1. Kindly indicate the residue of the range 486-520 that is in contact with a Ser or Thr (Cβ under 6 Å, 6 or more places away or on another chain) and of a type in the set (A, V, I, L, M) and also farthest from ligand 1 (Cβ to nearest atom) among those meeting that condition.
2. Taking the conditions exactly as written (assigned by TED's automatic domain parsing to the domain that holds F278, crowded, with 18+ Cβ neighbours inside 10 Å, among the β-branched types (V, I, T) and more than 41 Å from the chain's Cα centre (by Cα)), does I68 satisfy them or not?
3. When you go through L540, L556 one by one, which is the residue that is in the same structural domain as T363 (by TED's automatic domain parsing) and without any contact (Cβ under 8 Å) to a residue 60 or more places away in the chain?
4. Out of the range 373-383, which residues are at positive phi and near ligand 1 (Cβ under 9 Å from one of its atoms)?
5. Could you list, in sequence order, all residues of the range 315-344 that are within 16 Å of ligand 1 (Cβ to nearest atom) and either part of a strand (DSSP E or B) or without any contact (Cβ under 8 Å) to a residue 40 or more places away in the chain (or both)?
6. Need pairs with beta-carbon distance below 7 Å; first residue closer than 16 Å to S342 by Cβ and within the range 364-386, second within 13 Å of ligand 2 (Cβ to nearest atom) and among the β-branched types (V, I, T); sequence gap 6+ or separate chains.
7. For the range 460-496, enumerate the residues that are assigned to a loop (DSSP other than H, G, I, E, B) and over 31 Å from the mean Cα position of the chain (by Cα).
8. Considering only the range 345-367, how many residues are buried (at least 20 other Cβ atoms within 10 Å of the Cβ) and away from ligand 1 (no atom under 14 Å from the Cβ)?
Amino acid sequence: MQAVWKLSKYIKPYILFAIIAPVMMVIEVSMDLLQPTILQHIIDDGIAQNDTSYIVKMFGLMIATSLIGLIGGVGCSIYASRTAVNFSTDLRHDLYETITYFSNSSKDKFTLGKLVTNLTSDMEMLQRALTMLLKIFVRGPMMFVGAIVIVFITARELFPILLIVVPILAFCMYYFTALSGKLFHKVQKVVDVVNTKVQENLAGIRVIKAYNRKNHQIEQFTGVNTQLMKRSMEADQIIGVLAPFTMFVVNLGIVAALWMGAIKVDNNTLQVGVILAFINYLMMVMQGLMSSSMVLVQLARAIPSAGRIVEVLEEKTDLTNPSKPEAKVIQGNMSFENVSFSYLKETEPVLKNISFHVNAGETVGIIGMTGSGKSTLVKMIPRLFDPDSGVVKIDGLPIGNYSLEHLRQSIGFAPQKATLFSKTIADNLRYGKSDATAEEILQALQSANAKEFVDKLDAGAEHLLTQGATNLSGGQKQRLAMARSFIRKPSILILDDVTSAVDSISEKTIQRAIEEQFNVVTKVIVSSKISSIRHADQILVMDDGKIAAMGTHEQLLRESPLYQEMAKTQAEKGVTLSE
Ligand SMILES: Nc1ncnc2c1ncn2[C@@H]1O[C@H](COP(=O)(O)OP(=O)(O)OP(=O)(O)O)[C@@H](O)[C@H]1O
Ligand SMILES: [Mg+2]
């Protein structure tokens, strides 16, 4: 409920629309409520008395009220949808922005599937609930109460029937609302599971095929899908039972009205028109109750959605921007001072007391076993994560002193897993520098030894990548990601194992290009191959989150048993250590 309250601020800009809509609805319902009474007068005072001019007059009134009612109804729909659509557009915008600025730990926490559900079906649910709220929340209760009041005033003789029918109807509605609320809640849960499964299957389609797990996945999916079918049927059946049952109760009421009415008409204590009007009002009572309960069900379904959305909106980005950011140009002197970090606070740290210093223009190589924390270490530099303790400094200042934009602008980062977008190659490179010229793009492609394969493509740099760049090889992807980090002309260049899928000849070319073009840039090069880092000014040997040894290639070969071991096995495997 609190979540709903928090989201209500998104209605504020459209508050006028949100007020007009129910007001229009009040007009429509008032006109609807008038109709049976007019009909009653036509019958009792017009037809019964043979008064044609009266009949015509009342007929005119009936048409007029219908028209006014129509205007009210249409107006309400227009303003209700305007409010709801604007509301959800603004909210979706904020949601999207929040997700974009998410820290990495938040992204891990929410998972992609959940966030997509959030942006799509949860938003849809909220929008529908709001439209219904503005339209029917007034209509249902007003019709219900209005009809009862009018019967009390104009057809008191038949009022006792309402005293019996209404409580029965109200009880049924209450019972069904509560039940279907519960059932729909279950449906929603299964929908979440189905969404996650679809997401997972599509994302992993290649792996599934390669491991011949297709049937297994289909079985799994069929399982959850059947569950969804069963739950949806349960929920729908409840509504299916509700409608005929209420109709039955109402019909009993009509029979009672006709029977009681007939006797009274015989005694001349009641006119025929009153009975007809009463039957109409009885229908309205039922409609009013039914639509009120439907709104309640819809609202009950929307509340968890609101909760989920607010949870995302309120997720704090643990990365804060300084109020007075340091604006000086970043040179690239960098030091880690006792940096420790863990992804999950209760587990053992992934980085333990990391300290080292690198001067601007120098190269630091990072090598170590898989899982030793290399990628985690370099992610500290553009503040993808902040350390739990210790500090990372650039040009003598903690990186927290620079604004995130300024810091990241000065860093070229090619992450271990090359992420490319479903755009052209040139557009992908422009993520590194939005105003990059064709020349710069060419240059970057060349440095990353990617020009050759790009040239072979039909459209060259204008070649359109598929989603996830599935139309490229692993090494091609890595080279494009590298080109994207080059193009930015950074002060600090971070390459996280970007040559793992690149052949050794290409790697040499790339190394040479980096040395030539980025000689004043601080280079942080992560690799599991000694050949990639042996020329670094300083090499960090990582082992289980700690720096096990530090020094140049020659020093480490002499002093570090771990490095010697790596050198030995890599030499055995035929990885060339020498030029
Ligand atoms: N997002 C994450 N959430 C939780 N734990 C993580 C996350 N990313 C990495 N880890 C854990 O942190 C440790 C270090 O991972 P990291 O990716 O830094 O290793 P690495 O040295 O880069 O390995 P590789 O050579 O395979 O790339 C691993 O034990 C890994 O399981
Ligand atoms: Mg890694």
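The values are calculated or read from the model by the stated rules, or taken from the named source; none is laboratory data. As the structure is a prediction and not an experimental result, all values here were calculated from the model. Glycine gets a Cβ as well: all are built from the backbone with ideal geometry, and neighbour counts include every protein chain shown.
1. A513
2. Details: assigned by TED's automatic domain parsing to the domain that holds F278: yes; crowded, with 18+ Cβ neighbours inside 10 Å: no; among the β-branched types (V, I, T): yes; more than 41 Å from the chain's Cα centre (by Cα): yes.
Criteria not met by I68.
3. Working: L540 fails: without any contact (Cβ under 8 Å) to a residue 60 or more places away in the chain.
Just one listed residue meets the conditions, L556.
4. Step one: of the range 373-383, the residues at positive phi are 373, 383.
Hit for the range 373-383 is G373, nothing else.
5. Listed by number, the residues that qualify are F336, V339, S340, F341, L344.
6. G373/V350; K374/I366; K374/V526; S375/V526; T376/V350; L377/I366
7. Filtering the range 460-496 for residues assigned to a loop (DSSP other than H, G, I, E, B) gives 463, 465-466, 470-473, 487-491.
Of everything in the range 460-496, those that are assigned to a loop (DSSP other than H, G, I, E, B) and over 31 Å from the mean Cα position of the chain (by Cα) turn out to be I487, K489, P490, S491.
8. 3
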